[in-house]
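Input: a single structure, listed below in structure tokens.
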């Protein structure tokens, strides 16, 4: 009986140790993945939205420092803030909507002075190559560049201003929906960012 109890105790200890090790490995892996996404996906998109002309390696330190954590509608969000002469000029943050196969994640940029949409970038998707995957092409993304927030960001067949990608209406609608989600969040994002700037001078 004592040997049985010792064996159970030993197995329990081993299981606990393995669980702890897996947790540490997972955390470390998640951090590395987040860094890679920031450097290779989010960073270049933010660079384009903020109009930076330098090489990505030169602006990445500034982009990484520009990230601010705020809570909007009870959800934590990472917001990229473009500052010039100690004044916030623009913000960018991620939004998503369901595409044809899976969710499409985009990053939306806003001009804080004009209260306008400066553009979008595509962060991740699993749309069909040659069809829905064409949402990443500049000719589609440019439709959303420098637009008033009052515009109707729907495909034209739904009464909006967006030319749907041929054969990929669902993907096009999903991007429009994600943009509209971002526009809905923008006033609260701007308010929180301005509060943070006034309080902490980020």
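Below are the figures for this structure:
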| quantity | calculated |
| --- | --- |
| Order of 141, 89 under a 10 Å beta carbon neighbour criterion, fewest first | 89, 141 |
| Label-point separation, residue 64 to residue 169 (7 Å along Cα→Cβ), nm | 4.5 nm |
| Inverse of mean 1/r across different Cα pairs in the stretch 62-191, Kirkwood, Å | 15.0 Å |
| Extension reserve of the residue 57-residue 39 stretch, reckoned as 0.36 nm per residue once the Cα distance is removed | 5.6 nm |
| The stretch 142-202 versus the stretch 89-110: alpha-carbon centroid distance in Å | 8 Å |
| Pairwise label distance in nanometres, residue 161 with residue 76, each label 7 Å out on the Cα-Cβ vector | 3.6 nm |
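Throughout, read-outs are computed from the coordinates displayed, never taken from laboratory work. Everything numeric in this text was worked out from a predicted model, so none of it was measured. In this analysis, Cβ positions are derived from the backbone assuming ideal geometry, glycine residues included, and neighbour counts consider all displayed protein chains.
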